[in-house]
1. State whether the residues of segment 226-247 include one that is β-branched (V, I, T), modelled with pLDDT of 95 or more and under 17 Å from W137 (Cα atoms).
2. Can you tell me which residues in segment 444-466 are of a type outside the set (F, W, Y) and over 20 Å from the mean Cα position of the chain (by Cα)?
3. Which one of G441, G416, G395 is under 27 Å from F531 (Cα atoms) and either within 21 Å of the chain's Cα centre (by Cα) or surrounded by fewer than 21 Cβ atoms within 10 Å (Cβ to Cβ) (or both)?
4. Considering only segment 312-326, state which residues are outside any helix (DSSP H, G or I) and touching a residue at least 60 places away in the same chain (Cβ under 8 Å).
5. Given (1) surrounded by 22 or more Cβ atoms within 10 Å (Cβ to Cβ); (2) small (G, A, S); (3) over 30 Å from T542 (Cβ atoms), identify the lone condition not met by A436.
6. Looking at (1) assigned to a loop (DSSP other than H, G, I, E, B); (2) at pLDDT 95 or above, can you tell me which one G74 breaks?
7. Could you please let me know if A382 is at pLDDT 95 or above, of a type in the set (G, A, S) and closer than 25 Å to V604 by Cβ?
Amino acid sequence: MGKLKKMFFLSMLVFSLALTFSCREGKPAEELKDVFSLLDLDRPGLEQVRACCEAQQWDRASGALLEYYRTREGIFIPGHDSREASETDRLYADDALKHTFHVLEDPVWNYGEDIDWEYWPVKNIEMRVQLHRQGWWTSLGRVYCTTGREKYAREYVSEFRDWVKKNPYKPFGISQDGTVSSGAIDIDSPNECFAWRPLEVGIRLLRWVMQFDMFVNSRSFTPEFLLEFLRSYHENATILMGSFSPSGNHLIHQSSGVIRAGICFPEFKDAESWVRAGADNLNKEITRQSFPDGCHFEFDPGYHIGVVQSYDDAIQVASRNGRLDIFPPECLEQLVRMTQYYLDYCYPDGTHPCFSDSRRHDDLADRELLMDVSSFCDSREARQILWFATGGEEGEEPAYKSSGHPDTGFYTFRDGWFDANIIMPVKATERGKWHAQPDFGTFELWAYGKMLMPDAGAYVYSGDEEIEKERAYFKATARHNALTLDDRDYDDPKPKVIEWNPDANRLIVEHQAYEGLTRRRTIEFVDEKYFIITDEVRGPATGRLTLRNCLGSGTLTEESPGEYIYKDGDVDLRVSVSGPAGSVLSIDRDWYSEAFHEKTERPVIRLDVPRAPGAGVQRFFTRLYPVKH
């Protein structure tokens, strides 16, 4: 027995020393005692914490507070029920142990043994700001919860402390005018402009809650670290309360962040003010940022569904914690309309068009979002959303197939819903906000499970001169299924809807593409089998007109003059193109992007013709006939 007692004593000593060493990496409780003043110690469950504070026994108070958080009940924290680590989580977590951070999918950099939070080899602003959202910490958490291996929790605590130490908040004088959409930051700005941009603060408030819940029971999550975490979390919330963006999707994410902060940490004295501020913002912005028909004002499918998801995050955390009263019925009803709008142009695989800055995400893979939104009210749109969410087993099937929204400019031709073979979403909106592109009348074509004519997408956001050139390339009108004059970007007039007839599957829209040149596009979905597209231009402007039909990554061959066959696996797309006298047809090569920093080369059918003085009306014809064999 003496030998066993000695071994037990030695093991406890080693554990005690390890815990002491871990604590010494942070701050002793005495130095963190101000954190207790941020808390409402009169809340039920905090009696022992309050007693220890009154006795100025800070170590005991921090220990009692940690025990409170480890055992508290009645608070639902998002992500608590989805802790199983995926293979991607394991990759991200194991790389994080070596300080190789998956900030985005590509590129991946190592930030050094002594983490350099300002390391930035490629001056892409998205990579720099995403670093301060610490998304890989969630992967560390899932892997820790799945494996129970302490090294992942220990790494999280170490990186958290390192980030807090090296990224102190400093007031910075960047105007908030740019943060409506882009949150533009000059590449030469000091580090705090990237680390403390309001959008990053809001996203940290969202993510840190989940990460806290994953690690709070680990040995590395010491009482002293708890105080460090709470101090930093409160600082982020306080700073954000004084620096909300004036509008845009940034404000939505920020507001969802402070709501989650207040609801999931009601122990903070400021918690209720955070909840109220976030709810006030969201309830006001739902009508400021979306049109009555449900379209988000960015005219970008990715940001549209992103805003819906952010609202749903806030609504679900409020509902699961008994606070749904902070959202009036009008807000919930508009979220239903926004979701139905999104479903109108989605593909059967759950992805959406890559118009503007959208990526090809499978946003509706698990249908959980649809189930949430379908419960917000009892309307026709809600029942239709339930039909999608349940695969047609419940709810109400839409009475239409093709859909149009003339007030905002998205139209979709389709021959069905779940079993749809042919879908063509068309973007004929105004220019929109920062994320939009000068692409009036562009479209994608999806048929028989293949994306035959993808949109140009967006390869990058903002950065140095080289990054801005790459962004401008993909954003240009000439990268789209469009008709250009001298390959210039379109001007930005209000579009005109000449006709939208869903029964006849016909759309006619018009806009002043350039000074002195009006363009009209007619799209007809003939017998729900193929498309006839007519473009006509009129006006005194002169130059070179170019019509482009941009295809995917398959193969294109010319069968005869003006007749082409594009092949993608077991699907063919037969393309016929013709134009005015003097037209010259050719096959060009171009690029499209469906994911950040990824691009794919593709063939483009190009028709060029001069527009001389007095040319009058010039017409161009395209037929698109998809066939499965």
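1. Start the filter on segment 226-247 by keeping residues that are β-branched (V, I, T), which leaves 238-239.
Narrowing further to those that are modelled with pLDDT of 95 or more: 238-239.
Add one more test, that the residue is under 17 Å from W137 (Cα atoms), and what stays is none.
No.
2. Here is the first cut: in segment 444-466, the ones of a type outside the set (F, W, Y) are 444-445, 447, 449-458, 460, 462-466.
E444, L445, A447, G449, K450, M451, L452, M453, D464, E465, E466, listed by residue number.
3. Values: G441 fails: either within 21 Å of the chain's Cα centre (by Cα) or surrounded by fewer than 21 Cβ atoms within 10 Å (Cβ to Cβ) (or both); G395 fails: under 27 Å from F531 (Cα atoms).
Every option except G416 fails the conditions.
4. Residues of segment 312-326 outside any helix (DSSP H, G or I): 321-323.
Across segment 312-326, the qualifying residues are N321, R323.
5. (3)
6. Of everything listed in (1) assigned to a loop (DSSP other than H, G, I, E, B); (2) at pLDDT 95 or above, G74 misses just condition (2).
7. On the way: at pLDDT 95 or above: yes; of a type in the set (G, A, S): yes; closer than 25 Å to V604 by Cβ: no.
The answer is no for A382.
Okay, residues lined up against (1) modelled with pLDDT of 95 or more; (2) on the phi > 0 side of the Ramachandran plot; (3) touching a Lys or Arg at 6+ places or on another chain (Cβ under 7 Å):
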| site | (1), (2), (3) |
| --- | --- |
| I532 | yes, no, yes |
| G539 | yes, yes, no |
| G543 | yes, yes, yes |
| R548 | yes, no, yes |
| G554 | yes, no, yes |
| E563 | yes, no, no |
| D572 | yes, no, no |
| T600 | yes, no, no |
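The values are calculated or read from the model by the stated rules, or taken from the named source; none is laboratory data. In this text the structure is predicted, and so the values were computed from the model without any measurement. Using ideal geometry, Cβ is built from the backbone for each residue, glycine included, and neighbour counts are taken over all protein chains shown.
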